[in-house]
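For reference, the structure is listed below as structure tokens.
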Amino acid sequence: MSAKPLSTSRVRQILTAAQNVRILVVGDVMLDQFIWGGVSRISPEAPVPVVDFQRENYMPGGAANVARNLVSLNTPAALFGVIGQDDAARKLLKLLAEQNIDCDGLVRSPARHTSIKTRIVAHQQQVVRIDRETRGDLDARSTAKLIARFKTNLATADAVIVGDYGKGVVTQSLLNEIKTLCHQRGVWLSLDPKPVHRLNLSNLSLITPNRKEAFELAGLPDETKQENPFADKNLMLVAEQLLRELRPALLLITLGELGMLLCQRGQKPIHIPTVAQEVFDVSGAGDTVIASFTLAIAAGASPLEAATLSNHAAGIVVGKVGTATTMPEELSRSFK
């Protein structure tokens, strides 16, 4: 089954309602650094390009970028995670304040570095990425602080998003506590997985793996790829297995240039073809998908409406360079 079009008036209705919901974002927060330049020669020291520096800028990354995507669509967001006591943390907090993201839920730990991803970009293409971070599991004391701050805020939340980027903040104990609290209060819980962690992801409201992550979660090799997702027997097998074993209310598998696949137990999968016109940079596209899908659900959209909305949002951000977001007017226009 393929998705039906979503009207512009319905999109506006969902986005207007989303202004009155509040979403909590928990996970690995990062600082994204972009160094921009041009290449006109190869180094005489090694066969690598020499990038002539032009400018640099910083953006919230990881779970912080999920929160940034929410507020760019006028949905209030509060961020929960761990940062270090370093210059990167100060830069990140300043950026979050400028973008009206509630960051009272960030715990500062002298034992951890604030994660920084440095991307060097020349002529709209990434040349290299440098990661500076702490990847060990979060200690029990910091986890307890994080849970306490999250619990205090959950009473006024309409949905929760967990962003696991494999940096150690999303541990099994943290996820178990979040699941229990959300189930007790009937709060929607979305999660963007990182299969390297092998966490117990059962009984969530929404899981949003990309194709590679879906196969890793299922423990199966991705040997073939079909242009038509319904003809892709291995993909269908993986979707069925994840629905059966993890029992999410919804499974949304993003397929890059092929769009996304919305899966629900007892129903036929729905394929939503991509609407991206040009792809310049896929950095943060997954953050856009989970943010826009969750805000739509919290605003009263159906799963298919939420998936269609998030597909359009992702199509917009991949047409921009850098960790990008979209705005309500821009998103509404994409449906005309």
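Nothing in this text is a laboratory measurement; each read-out follows from the coordinates by a stated rule. Bear in mind the structure is a predicted one, so any value in this text is a computation, not a measurement. With ideal geometry, Cβ positions are generated from the backbone for all residues, glycine too; neighbour counts draw on all protein chains shown.
Taking 7 Å along the Cα-to-C-beta vector as the label spot, tell me the ASP52-GLN264 distance in nanometres, rounded to one decimal.
5.6
Where does segment 124-270 land on the Kirkwood hydrodynamic radius, alpha-carbon pairs, in angstrom?
It works out to 16.8 Å.
Let me check I've understood the local charge: for PHE293, count other residues with C-beta under 13 angstrom from its C-beta, Lys and Arg +1, Asp and Glu -1. What total comes out?
Working: positive: none; negative: ASP192, ASP287, GLU305.
Neighbourhood net charge equals -3.
Please sort 253-259, 76-82 by packing, taking for each peptide the average over its residues of neighbouring beta carbons within 10 angstrom, highest first.
Descending packing order for the listed peptides: 76-82, 253-259.
Can you tell me which of 295-303, 84-92, 176-184 comes out highest on packing, and rank the rest after it, using the mean Cβ neighbours within 10 Å?
Working: 295-303: 22.4, 84-92: 17.7, 176-184: 16.1.
Packing order, densest peptide first, comes out as 295-303, 84-92, 176-184.
Excluding same-chain residues fewer than 8 positions from LYS233, which lysines have a Cα within less than 28 Å of its Cα?
LYS4, LYS194, LYS212, LYS225, LYS268
Within segment 148-188, what residues put their amide N at less than 14 Å from the label point 7 Å along the Cα-to-Cβ vector of ASN200?
Only 171-181 fall inside the zone, counting backbone N under 14 Å.
Given only helices, namely DSSP H runs of n ≥ 4 each adding -39500 (n - 2.57), what is the per-residue ellipticity at 222 nm of the chain, to the nearest 500 deg cm²/dmol?
Values: 10 runs with 119 residues, N = 336.
Per the formula, -11000 deg cm²/dmol.
If packing is taken as the average number of other Cβ atoms within 10 Å across a peptide's residues, how do 185-194, 150-159 rank, most packed first?
185-194, 150-159
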